[in-house]
Amino acid sequence: MKKKVYISVISFLALFIVGCNDNHIPEEKNTQGYNITVENPSVDVQNNKDSLSSFYTNFVIQDKYRVYRIIEKSENMDANIAIPDWQPEDDAVIDTADFVNMIDDEMSSITQKRIDFLKEKLRPSGMSKEWKDSGQLFMGFKTPYIKEYTSDIYVKAASRTETISAEGLWDFLLRNNQEAVDKYDVVCVSVNMYEEFYRFSNSTKLLIYGVPEDTFESNLSTENGRYKYPKTDTILEKYHNGECQLDTIVEIELTKSGNYYMDFSEIIEKDEYKDIIMEMELTGEVTNEYTYAWYGFEYKITNEQAYQDWKAKNTDKFVY
């Protein structure tokens, strides 16, 4: 799962940053030292304190932005990316910096530590801590274009960023030479829209669909004697064209950054659907300067009572 996420992010970023090398960065930015003093990052992490500077040190504060210097020598990449210096005060959420640093030579390994930190911090009580019992969902982000810190060539690529993303929540795999499905009981989607930074506010439309058996089976194909499971995008396209059925489980507008939980354990127990699809869409005014970040974490319940106790204390965090 981690490898899949890394490949997706690197491919995604390549669309936006290719061509942004030394020749396109203002001279004063090239000579600027991109390190800040971090008092004691290891203590921050041990104390469960979410400070981005506890992980990333390749930025300086300029005005109200964190300006990251992203270096990837094999692609001759040396680019500046400015991200609003804002995080919700009462919650640890995903940040655009978690995506852009995935391709930096020095920060790429740190990025996974930050993602793992979030996964553990957001894990409800009663969930399995086994690696095989959890999943990650790379949903999407938008790299902002701030002309004071970024070359003009960059905006041509950055403006192509998609604002809609969809993923199937269950994993279909081959285990012991048998087809198997990993179904996750609880999903947490982390959303950052930097809403208090901008003069306008956007929202994230969250849609959860159940895939009935007929829809799933009609979209199966075979290759070399094995089933090829239907692609999420294909099913959604057919659904929006009225060519197949999906059941809408959740439809909600998220107007604040935060972490939102969904409990699918009852659906799994009833065996109602062959898959669950999560679709997210950024709505509102999406300018070149705007950024957002979405990420998902999936968990399996191993201690029902501990989970129910935790859920009772955190009901306000659940959208399903």
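Calculate the translational D of segment 60-112 in whole µm² s⁻¹ from Stokes-Einstein, where the hydrodynamic radius comes from the Kirkwood formula applied to all Cα pairs, the temperature is 4 °C and the viscosity 1.567 mPa s.
D, rounded to a whole number, is 108 µm²/s.
Using θ = phi - 60° and the Karplus curve 6.51 cos²θ - 1.76 cosθ + 1.60, what whole-Hz ³J(HN,Hα) does each residue of segment 114-120 get, with Gly and Pro shown as x?
5, 5, 5, 4, 5, 4, 6
Hey, which of these cross-link pairs are over 23 Å Cα-Cα: Lys64/Lys142; Lys129/Lys311; Lys205/Lys256; Lys129/Lys313; Lys119/Lys147; Lys256/Lys317? Please list the in-between numbers first.
Details: Lys64/Lys142 18 Å; Lys129/Lys311 18 Å; Lys205/Lys256 11 Å; Lys129/Lys313 21 Å; Lys119/Lys147 34 Å; Lys256/Lys317 12 Å.
Beyond 23 Å: Lys119/Lys147.
Taking one equal scatterer on every alpha-carbon of segment 213-262, how large is log10 of I(q)/I(0) by Debye at q = 0.13, 0.25, 0.28, 0.31 1/Å?
One equal scatterer on each Cα of segment 213-262 leads to -0.48, -0.97, -1.08, -1.19.
Can you quote the Å³ per residue value for the convex hull of the Cα atoms in segment 168-320, rounded to an integer?
Cα-based convex hull of segment 168-320, divided per residue, equals 145 Å³.
Over segment 221-320, what percent of the accessible surface lies on carbon and sulfur atoms, probe 1.4 Å?
Whole-percent figure for carbon plus sulfur exposure: 40.
Convex hull over the alpha-carbon atoms of segment 78-147: what's its volume per residue in Å³?
Numbers: hull volume 7.6 nm³, N = 70.
Spread over its residues, the Cα hull of segment 78-147 gives 109 Å³ apiece.
Using the Karplus curve 6.51 cos²θ - 1.76 cosθ + 1.60 with θ = phi - 60°, work out ³J(HN,Hα) for each residue of segment 253-270 in order, rounded to whole Hz, and write x for Gly and Pro.
9, 8, 9, 10, 5, x, 10, 10, 9, 9, 10, 9, 4, 5, 4, 5, 4, 7
Which order do Trp86, Trp131 take when ranked by solvent-accessible area (1.4 Å probe, heavy atoms of all protein chains), largest first?
On the way: Trp86 40, Trp131 145 Å².
If we order Trp86, Trp131 from most to least accessible, we get Trp131, Trp86.
Using only the alpha carbons, work out the radius of gyration and Dmax of segment 220-292 in angstrom.
Answer for segment 220-292, Rg first and Dmax second: 16.6, 49 Å.
Order the peptides 95-103, 77-85, 60-68 from the highest to the lowest mean number of other Cβ atoms within 10 Å of their residues.
Working: 95-103: 24.8, 77-85: 23.1, 60-68: 16.6.
Per-residue mean Cβ counts within 10 Å order the peptides as 95-103, 77-85, 60-68.
Given H placed on each backbone N at 1.01 Å, which residues far from Val250 in sequence or on other chains put an amide H within less than 5 Å of it?
For Val250, whose amide H was placed from the backbone, the distant partners under 5 Å are Ile208.
Amide H to amide H, which residues 5 or more places from Trp170 or on other chains are under 5 Å from it, using H placed in the peptide plane?
Correct list: Ile276.
The values are calculated or read from the model by the stated rules, or taken from the named source; none is laboratory data. Just so you know, these numbers come straight off a predicted model, no measurement behind them. Positions of Cβ are generated from backbone atoms using ideal geometry, with glycine treated the same way; all protein chains shown enter the neighbour counts. In case anyone asks, the SASA skips ligands and DNA or RNA and just uses the protein heavy atoms, side chains included. Shrake-Rupley method; radii C 1.70, N 1.55, O 1.52, S 1.80 Å.
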